[in-house]
Amino acid sequence: MGNKMIDKAVNPFIQIAGARALAWGALGLLVSTVICYCAGYHYHGLLHFGPAPNPAWWCYAAEHLIVWLIPALLFYLGGKVFSHSRIRAIDVLGTVLFAELPLLGMTLIYLTPPMQMMANMDMSMSPQELLAQPFILPAVILSLLGIPFLLLTLVWLFNALKVSCNLKGWHLWAVVLVGILGGDVLCRMLISHLYG
């Protein structure tokens with residue numbers, strides 16, 4: 001029983017895929033967009049977060065859509081090239097969006113007062129003054145608490161690709177690396193245009 005629970009936690013796509021994964025993922029995307037808007041934190045890429053100079057609500061929505069669609073598209077194309085199975089776009093879109101749900105945990109951390117104070121601190125202060133601020137240590141600890149959510153997202157993205165595109169071996173690892181690392185670079189390039 002315990003092993004089955006761990007398997008489902010590591011790979012929820014054993015039970016959820018397609019339209020169901022897409023629906024849960026879409027709800028998570030909506031909630032995450034609202035939280036990011038309230039917190040003032042942006043997705044600069046798939047693996048990068050922080051303040052940005054565009055506070056418009058549509059900017060947060062566009063960032064979230066880009067961070068979902070770019071890796072999903074790369075996974076889909078990789079699956080089409082390397083998989084012998086029939087790849088359904090809805091399965092790839094749904095599992096990738098669902099795989100990003102753990103990022104909600106990181107997003108919630110940005111709502112905390114130390115993270116809000118860090119986002120609004122005066123960057124013209126000297127390093128000594130910055131480090132002397134009372135919120136710095138709690139903000140660093142909170143940032144570290146976000147790492148497990150990011151790691152879980154990466155594990156889920158790996159399993160989303162594995163299940164939705166039925167890839168194995170070096171094909172799986174190649175598409176995962178291109179989808180996540182290449183996807184992060186592409187996301188950052190596209191999102192940077194939202195700040196100009």
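Considering only 82, 64, 5, and ranking their Cα positions along the charge dipole of the chain that arises from unit charges at the beta-carbon of Lys, Arg, Asp and Glu, the one farthest toward the positive end is 82.
Only lysines eight or more places from residue 4 in sequence, or on another chain, were considered; those with a Cα closer than 28 Å are 162, 168. For the chain, the Cβ-based charge dipole about the Cα centre amounts to some 840 debye (Lys, Arg positive; Asp, Glu negative; other atoms uncharged). Since only 92, 152, 192 are under comparison, the one whose Cα sits farthest along the positive direction of the charge dipole of the chain, derived from C-beta charges on Lys, Arg, Asp and Glu, is 92.
Could you estimate the translational diffusion coefficient of the chain from the Stokes-Einstein equation, with Rh from the Kirkwood formula over C-alpha pairs, at 37 °C and 0.692 mPa s, in whole µm²/s? Approximately 186 µm²/s, per Stokes-Einstein. Using the charge dipole of the chain (Lys, Arg: +1 at Cβ; Asp, Glu: -1 at Cβ; taken about the Cα centre), state which of 165, 51, 107 has its Cα farthest towards the positive end. The Cα lying farthest towards the positive end belongs to 165. For the stretch 50-157, the direction-averaged projected area of the alpha-carbon convex hull comes to 8.6 nm². The residues of the stretch 55-158 expose on average 52 square angstrom of accessible surface per residue, using a 1.4 Å probe on protein heavy atoms. In nm, to one decimal, how far is the modelled label at residue 58 from the one at residue 108, with both set 7 Å along Cα→Cβ? Calculated label separation equals 3.2 nm. Here the accessible area of the stretch 42-196 is 74 percent carbon and sulfur, with a 1.4 angstrom probe and all protein chains present.
Distance from the Cα centroid of the stretch 48-66 to that of the stretch 172-192 is 18 Å (rounded to whole angstrom). The coefficient of translational diffusion for the stretch 22-71, derived via Stokes-Einstein from the alpha carbon Kirkwood radius under 20 °C and 1.002 mPa s, stands at 197 µm²/s. Accessible surface comparison of 58, 170, 156, probe 1.4 Å, protein chains only, largest first: the order is 170, 58, 156.
The values are calculated or read from the model by the stated rules, or taken from the named source; none is laboratory data. In this text the structure is predicted, and so the values were computed from the model without any measurement. All Cβ positions, even for glycine, are placed from backbone atoms using ideal geometry, and neighbour counts span all protein chains on display. Only protein heavy atoms, including side chains, enter the accessible area calculation; ligands, DNA and RNA are left aside. Shrake-Rupley method; radii C 1.70, N 1.55, O 1.52, S 1.80 Å.
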